[in-house]
Amino acid sequence: METQSQVVDRLRSAFRSGITIPEEFRRAQLTRLMSMMKDNEELILKALHKDLAKPKFETILSEIEIVVNDLHYAINNFSSWMQPEYVGKNLATKLDTCFVRREPLGVVLIIGAWNYPLQLLILPMIGAIAAGNCAIIKPSEVSAATDSLVAELIPKYLSKDCYAVVRGGAEETKALLKNRFDHIFYTGSQNVARSILQAASVHLTPVTLELGGKCPCFIYGRVNVVAAARRLVWAKYFNAGQSCVAPDYVLCSAATRDALLPALRQALEEFYGKEPQTCPDLSRIATPRHWTRLMDLLGRSSGKVVVGGESNEEDKYIAPTVLVDVAEDDVLMQEEIFGPILPILTVESLEEGIEFINRKEKALALYVFSDESSVVKTVLEKTSSGGFCSNDGIVHMTLPSLPFGGVGASGWGSYHGRWSFETFSHRRGCMLRGWALERLNGLRYPPYSEDKLSW
Ligand code: NAD
């Protein structure tokens with residue numbers, strides 16, 4: 001059995017050999033990755049069901065199709081992304097060839113999280129391969145069935161010399177991080193991100209951080225309450241609220257809240273029935289530890305539960321839950337909820353809502369629901385967040401032409417589509433000169449003079 005550092009060394013020799021550089025090699029590996037996704041759909045569905053009771057529909061949408069779409073996009077476009085980008089020139093460089101060359105970084109490490117355990121590994125890996133890197137992927141140990149499926153499939157489909165899966169939890173990941181990588185791409189919590197940064201600082205390794213935070217959903221002005229409730233319920237309770245871009249809390253006026261509540265109840269019943277625990281379309285909480293954390297938050301909140309609240313420890317079940325009368329300093333407002341619990345807080349003006357949002361750390365996604373485009377525009381212009389979507393939730397991250405990532409405490413860097421390719425590429429600024437105009441160059445050589453400055 002190879003040690004972690006032997007795996008890193010093996011991949012480094014492969015990278016140095018230049019095997020990953022030709023376009024045909026990259027295309028072949030991306031095509032193999034596509035076959036992996038297509039040949040193993042049943043195994044993927046089974047693993048995700050075991051890990052999170054993820055409904056087949058949600059797995060297809062959020063673990064398979066999103067990856068397949070990104071793969072198609074990369075396969076069709078990476079050849080043009082690889083081409084040198086010629087840049088504007090000035091008088092002094094008129095005769096030179098000046099361009100940006102995208103080069104692979106080397107051996108990169110991709111660390112995934114458990115909530116979308118396949119997508120969060122394979123989407124960045126597409127960019128790493130397309131850009132010509134070797135890659136080690138480290139699945140989350142929490143989603144154990146997907147972890148072992150990924151470890152089985154990757155070596156079956158991809159070059160063993162260039163790509164590897166290293167498994168383990170916090171201790172194994174800390175040990176792995178002692179090795180030198182050329183880039184670390186981390187998805188997970190803000191707390192662990194701090195240790196990742198510390199480890200990366202030893203080798204001055206650049207890092208992409210895909211983190212979380214509290215994504216607000218600000219509902220303001222005239223609004224189609226029925227459509228708003230349906231979209232909010234879908235985005236919040238998809239994967240049982242365990243999405244980094246799930247709306248974490250709602251901000252709205254007391255009047256909007258009163259109109260929204262019956263619409264939320266109706267949408268919940270329509271989607272998950274009168275007894276959501278028996279509904280196959282609702283995921284479960286990942287582990288007993290995560291279930292206990294959520295139940296503890298719910299127990300300590302001074303908000304009033306107006307929908308749901310039921311739970312079952314053995315089944316790791318928490319009903320889709322809505323709370324009102326939640327204060328800004330409530331326990332539910334101190335950290336990312338990451339579960340099927342939705343607090344509603346009231347603000348009475350647009351400015352109050354914007355100030356509330358701006359008092360918090362910058363979110364990974366910010367949602368604004370309103371029929372009034374001036375409201376959407378004002379919130380967009382007066383706030384900052386990783387991504388932004390009006391009148392819906394989560395869907396902005398499915399478009400590969402949009403960068404996906406955080407800002408400030410919700411993350412550094414971005415990926416998806418071309419943005420993944422850029423993340424795993426070095427943009428080398430190149431100037432190719434000949435020997436022409438040497439007499440003109442005399443103007444910059446000593447001996448210097450005032451006359452030369454006036455040029
Ligand atoms: P997790 O527990 O699966 O941890 C993430 C990874 O870090 C795992 O591979 C784990 O093995 C590793 N890890 C854990 N402790 C470590 C340590 N001390 N040192 C080194 N590695 C360690 O997942 P999590 O952290 O619970 O993930 C949930 C968080 O991830 C949420 O905050 C969520 O918002 C965020 N998230 C962000 C995105 C995004 O794309 N921005 C996507 C999904 C999840």
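Once you keep just the Cα pairs under 8 angstrom separated by 6 or more residues, what percentage relative contact order results for the chain?
19 percent
What do the square roots of 5 times the Cα gyration tensor eigenvalues come to for region 291-362, in whole Å, largest first, as semi-axes of the equivalent ellipsoid?
Details: eigenvalues 127, 32, 18 Å².
Working through the eigenvalues yields semi-axes of 25, 13, 10 Å.
Over 5 Å intervals from 0, what percent of Cα-Cα pairs in region 387-443 sits in each interval?
In order of increasing distance, the bins hold 4, 14, 15, 16, 11, 6, 6, 6, 8, 7, 4, 3, 1 percent.
To make sure I understand, if each residue's beta carbon is the centre and we count other beta carbons within 10 Å, what order do Lys56, Lys178 fall in, fewest to most? Walk me through the intermediate numbers first.
On the way: Lys56 15, Lys178 12.
So the residues, fewest neighbours to most, are Lys178, Lys56.
Whose amide H sits under 5 Å from the amide H of Leu323, counting only residues 5 or more places off or on another chain, with H placed in the peptide plane?
Excluding prolines and chain starts, which carry no amide H, the hits are Val306, Leu342, Ile344.
Restricting the calculation to Cα positions, tell me the Rg (one decimal) and the Dmax (whole number) of region 333-373 in Å.
That works out to 11.7, 31 Å for Rg and Dmax.
Taking every DSSP beta bridge with both residues inside region 250-405, roughly what % is antiparallel (nearest 5)? Write down the numbers at each step before the final one.
Working: 5 of 16 bridges.
Taking every DSSP beta bridge with both residues in region 250-405, the antiparallel ones total about 30 percent.
Report the relative contact order of region 346-455, percent, no decimals, based on alpha-carbon pairs under 8 angstrom and at least 6 residues apart. Show your work: numbers first, answer last.
Details: 118 pairs, mean separation 20.8, N = 110.
Value for region 346-455: 19 percent.
Shape of region 1-63 from its Cα gyration tensor (a ≥ b ≥ c, root eigenvalues): rounded if a/c is under 1.5, otherwise prolate when a/b > b/c, or oblate? Could you put the intermediate results ahead of the total?
On the way: a/c = 3.90, a/b = 1.75, b/c = 2.22.
Oblate, since a/c reaches 1.5 and b/c is not below a/b.
Quick one: compute a quarter of the convex hull surface over the Cα atoms of region 209-269 and quote it in nm². Please list the in-between numbers first.
Working: hull surface 17.6 nm².
Here the figure is 4.4 nm², rounded to one decimal.
If you average the alpha carbon positions of region 370-415 and of region 149-210, how far apart do those two centres end up, in angstrom?
27 Å
Hey, any idea what the orientation-averaged projected area of the convex hull of the chain's Cα atoms comes to, in nm²?
On the way: hull surface 107.1 nm².
Its average projected convex-hull area is 26.8 nm².
For region 85-158, what is Rg from Cα atoms divided by 2.2 N^0.38 Å, rounded to two decimals? Provide the component values of the computation, followed by the final result.
Numbers: Rg = 18.8 Å, N = 74, 2.2 N^0.38 = 11.3 Å.
Relative to the 2.2 N^0.38 Å estimate, region 85-158 comes out at 1.67.
Where does region 216-315 land on Rg/Rh, using Cα atoms and the Kirkwood Rh? Display every interim value, and only then the final one.
Numbers: Rg = 14.0 Å, Rh = 14.7 Å.
Using Cα coordinates only, the ratio equals 0.96.
Counting only helical runs of four or more DSSP H residues, what would the 222 nm mean residue ellipticity of the chain come to if each run contributes -39,500 (n - 2.57) and the total is spread over all its residues?
On the way: 17 runs with 190 residues, N = 455.
The per-residue figure over the chain is -12500 deg cm²/dmol.
Specify whether the C-alpha gyration tensor of region 135-182 places it in the rounded, prolate or oblate class, a ≥ b ≥ c being the square roots of the eigenvalues: rounded for a/c under 1.5, otherwise prolate if a/b is larger than b/c and oblate if not.
Working: a/c = 3.21, a/b = 1.10, b/c = 2.90.
Judged from the Cα gyration tensor, region 135-182 comes out oblate (a/c at least 1.5, b/c at or above a/b).
Neighbour counts of other C-beta atoms within 10 Å: give me Arg12, Arg439 arranged from fewest to most. Each step should come with its number before you reach the end.
Details: Arg12 17, Arg439 7.
Result, fewest neighbours first: Arg439, Arg12.
Throw me the Rg/Rh for region 346-405, computed over C-alpha atoms with Kirkwood Rh, two decimals.
On the way: Rg = 11.8 Å, Rh = 12.2 Å.
Rounded to two decimals, Rg over Rh is 0.97.
From the Cα gyration tensor of region 267-323, with a ≥ b ≥ c the square roots of its eigenvalues, which class applies: rounded if a/c is under 1.5, or else prolate if a/b is larger than b/c, or else oblate? If you can, show how the numbers build up before the last one.
Working: a/c = 2.60, a/b = 1.17, b/c = 2.22.
Taking the square roots of the gyration eigenvalues as a ≥ b ≥ c, region 267-323 is oblate.
Please report Met36, Met431, Met1, Met125 as a ranked list, fewest other C-beta atoms within 10 angstrom at the top and most at the bottom.
Details: Met36 19, Met431 11, Met1 3, Met125 27.
Listed from fewest to most nearby Cβ atoms, that is Met1, Met431, Met36, Met125.
If you line up the long axis of helix 144-157 against the longest principal axis of the chain, both from Cα atoms, how many degrees apart are they, to the nearest 10?
Rounded to the nearest ten degrees, it is 30.
What share of all Cα pairs of region 113-236, in percent, falls into each consecutive 5 Å distance bin?
It works out to 2, 9, 17, 19, 18, 11, 7, 7, 5, 4, 1, 0, in whole percents.
Excluding Gly393 itself, calculate the net charge of residues whose Cβ lies under 10 Å from the Cβ of Gly393, where each Lys or Arg counts +1 and each Asp or Glu counts -1. Don't skip to the end; give the middle numbers.
Numbers: positive: Arg231, Lys236; negative: Asp392.
Summing Lys and Arg as +1 and Asp and Glu as -1 gives +1.
Each value in this text was obtained by applying a stated rule to the coordinates, not by laboratory testing. All of these numbers come straight from a predicted model, not from anything done at the bench. So basically every Cβ, Gly included, is an ideal-geometry build from the backbone, and we count neighbours across all protein chains shown.
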